[in-house]
């Protein structure tokens with residue numbers, strides 16, 4: 001038996017479960033659309049007026065989202081180092097300090113520009 005068959009079976013079952021869940025919610029779920037539900041949401045602020053192209057969301061939202069993604073990536077790289085820091089020795093320490101320095105430089109730059117100040 002091919003060793004990939006169980007993996008393919010598991011992927012097929014997961015796909016069927018996902019599609020089945022979406023189909024069930026579409027069929028069984030309520031369909032009550034109203035103006036509040038269809039309105040755009042901009043992090044608790046009043047939505048900006050709609051332009052011809054469908055309106056614009058301020059760029060600050062995207063910049064804040066990218067900042068959170070950078071910090072999530074930082075945690076993803078720091079966690080394995082924290083688990084295996086004894087086995088890595090000095091090389092691991094120097095590598096992680098270099099990584100932290102490279103992450104800290106843009107963080108300080110954004111902080112000084114006022115990227116974390118909410119208006």
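Would you mind finding the one in 18, 23 that is modelled with pLDDT of 90 or more and within 21 Å of the chain's Cα centre (by Cα)?
None of the other options fit; the residue is 18.
If a residue has to be at pLDDT 85 or above and touching a helix residue (DSSP H, G or I) at 6+ places or on another chain (Cβ under 9 Å) to count, how many in the stretch 87-119 make the cut?
Final tally of qualifying residues: 8.
All but one of (1) closer than 30 Å to residue 97 by Cα; (2) modelled with pLDDT of 85 or more hold for residue 11, so report the exception by its number.
Single failed check for residue 11: (1).
The values are calculated or read from the model by the stated rules, or taken from the named source; none is laboratory data. Source: prediction; values computed, not measured. Every residue, glycine among them, receives a Cβ derived from its backbone with ideal geometry; neighbour counts consider all protein chains shown.
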